[in-house]
1. Residues of segment 22-48 being in a strand (DSSP E or B), more than 17 Å from Glu193 (Cα to Cα) and open to solvent by 40 Å² or more (accessible area, probe 1.4 Å), which ones?
2. In this structure, does Val147 turn out to be surrounded by fewer than 20 Cβ atoms within 10 Å (Cβ to Cβ) and of a type in the set (A, V, I, L, M)?
3. Applying the selection to segment 46-80, what residues are modelled with pLDDT of 95 or more and farther than 16 Å from Leu114 by Cα?
4. Limited to segment 179-201, what total is found for residues that are out of contact with any Phe, Trp or Tyr (no Cβ under 8 Å at 6 or more places or on another chain) and open to solvent by less than 10 Å² (accessible area, probe 1.4 Å)?
5. Just for segment 49-58: of the residues that are in contact (Cβ under 8 Å) with a residue 24 or more places away in the chain and not hydrophobic (A, V, I, L, M, F, W, C), which one is surrounded by the fewest Cβ atoms within 10 Å (Cβ to Cβ)?
6. Looking at segment 242-255, I want the residues that are within 20 Å of Gly271 (Cα to Cα) and at pLDDT 95 or above and have a partner that is aromatic (Phe, Trp, Tyr) and open to solvent by less than 60 Å² (accessible area, probe 1.4 Å) with Cβ atoms under 8 Å, at least 6 apart or on another chain. Which pairs are those?
7. Out of all the residues in segment 109-123, is one or more of a type in the set (D, E, K, R), open to solvent by 30 Å² or more (accessible area, probe 1.4 Å) and more than 29 Å from Val140 (Cα to Cα)?
8. Please specify each residue of segment 120-143 satisfying the condition of being without any contact (Cβ under 8 Å) to a residue 60 or more places away in the chain and among the aliphatic types (A, V, I, L, M).
Amino acid sequence: MNAVAQPRTLDIGIGGAWVRLHVDSPDFIAAMADRFAGFIGDVAAPDHEFDVELVPPRPRGEDAPDDEVRVVREGHSWRAQRGDFLATWDSRTRRGHARIVASPYSLDSVIRILHTLLLAEQGGMLMHASSVVKDGKAWVFTGVSGVGKTTISRLAPPGAHVLTDEMSFIRPRDDGYAAHGTPFSGDLGRPGENLSAPIAGVFLLAQGPENRIEPLPQAEAVRGLMANILYFARDEAMTTKVFDNAIALAARVPVRRLAFLPDPRVWDLIGDGA
């Protein structure tokens with residue numbers, strides 16, 4: 001009796017962009033299917049394809065791998081590298097190769113870097129931010145680590161949908177911008193919901209003695225956005241795009257500062273400030 005063929009490919013879709021992985025390891029495929037649960041599908045034509053080569057981690061006692069991320073472009077080719085991965089791909093053929101440690105964290109990093117570049121070209125961004133959908137509108141909350149992105153997600157009222165408490169996928173549309181769910185999680189420890197909604201506002205979070213929303217001058221809003229957009233490439237043209245995208249977002253979507261207490265009533269203020 002013939003053995004059942006084990007899967008060797010995995011399609012991961014985030015924000016409508018599909019990446020197909022070719023991996024010669026059914027165990028890794030199964031583990032990543034669980035890791036990206038809710039964002040797995042089977043598409044006829046993925047946007048990008050990667051042949052993935054798995055390598056063992058360095059033996060204990062050896063020098064720790066370099067943690068610095070390097071992303072550079074050479075013509076139509078991109079190269080992303082860190083101590084635990086090396087990925088290259090061609091922007092014309094949308095095919096690439098990734099040599100990674102057999103770890104979800106390494107694969108996460110490669111996929112995030114790819115999406116930062118794709119979104120930058122499309123006028124969007126991957127932002128270090130949580131995002132929540134309430135009453136059909138998405139609210140994005142950004143700021144430095146520890147300022148409360150996960151907390152405000154936990155405080156969301158019944159019926160709200162958490163798209164992510166860690167990495168917000170933001171893409172322009174004809175009437176503004178949309179936030180999409182991502183599988184990348186922070187302290188909540190679970191992937192976001194795979195849905196999207198128009199963005200009603202972006203809040204730069206701050207801790208304070210009371211719940212308060214403050215308007216921001218556009219220049220300060222842009223600086224706040226830029227400080228939290230994920231971007232790794234050492235490429236002048238792409239850096240300019242990222243800056244222009246932040247300016248465009250601040251011009252079309254309200255960007256304000258939100259000081260809040262860890263109390264669910266902050267969501268009443270968010271609704272009132274729409």
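The values are calculated or read from the model by the stated rules, or taken from the named source; none is laboratory data. Please read all numbers here as calculations on a predicted model, not as lab measurements. FYI the Cβ positions are ideal-geometry reconstructions off the backbone, even for glycines, and counts take in every protein chain you see. Heavy atoms of the whole protein, side chains included, go into the accessibility calculation; ligands, DNA and RNA do not. Shrake-Rupley method; radii C 1.70, N 1.55, O 1.52, S 1.80 Å.
1. His22
2. Details: surrounded by fewer than 20 Cβ atoms within 10 Å (Cβ to Cβ): yes; of a type in the set (A, V, I, L, M): yes.
Against the criterion (surrounded by fewer than 20 Cβ atoms within 10 Å (Cβ to Cβ) and of a type in the set (A, V, I, L, M)), Val147 qualifies.
3. Across segment 46-80, the qualifying residues are Glu53, Leu54.
4. Start the filter on segment 179-201 by keeping residues that are out of contact with any Phe, Trp or Tyr (no Cβ under 8 Å at 6 or more places or on another chain), which leaves 184-190, 193, 195-197.
With open to solvent by less than 10 Å² (accessible area, probe 1.4 Å) added as a condition, the list becomes 184, 197.
Adding up the residues that qualify gives 2.
5. If we take residues in segment 49-58 being in contact (Cβ under 8 Å) with a residue 24 or more places away in the chain and not hydrophobic (A, V, I, L, M, F, W, C), then Pro56 is surrounded by the fewest Cβ atoms within 10 Å (Cβ to Cβ).
6. Arg252/Tyr177; Val253/Tyr177; Val255/Phe203
7. If we filter segment 109-123 for residues that are of a type in the set (D, E, K, R), which is where we start, we get 112, 121.
From what is left, the residues that are open to solvent by 30 Å² or more (accessible area, probe 1.4 Å) are 112, 121.
Next cut, more than 29 Å from Val140 (Cα to Cα) only: none.
No, segment 109-123 contains no residue that is of a type in the set (D, E, K, R), open to solvent by 30 Å² or more (accessible area, probe 1.4 Å) and more than 29 Å from Val140 (Cα to Cα).
8. Val132
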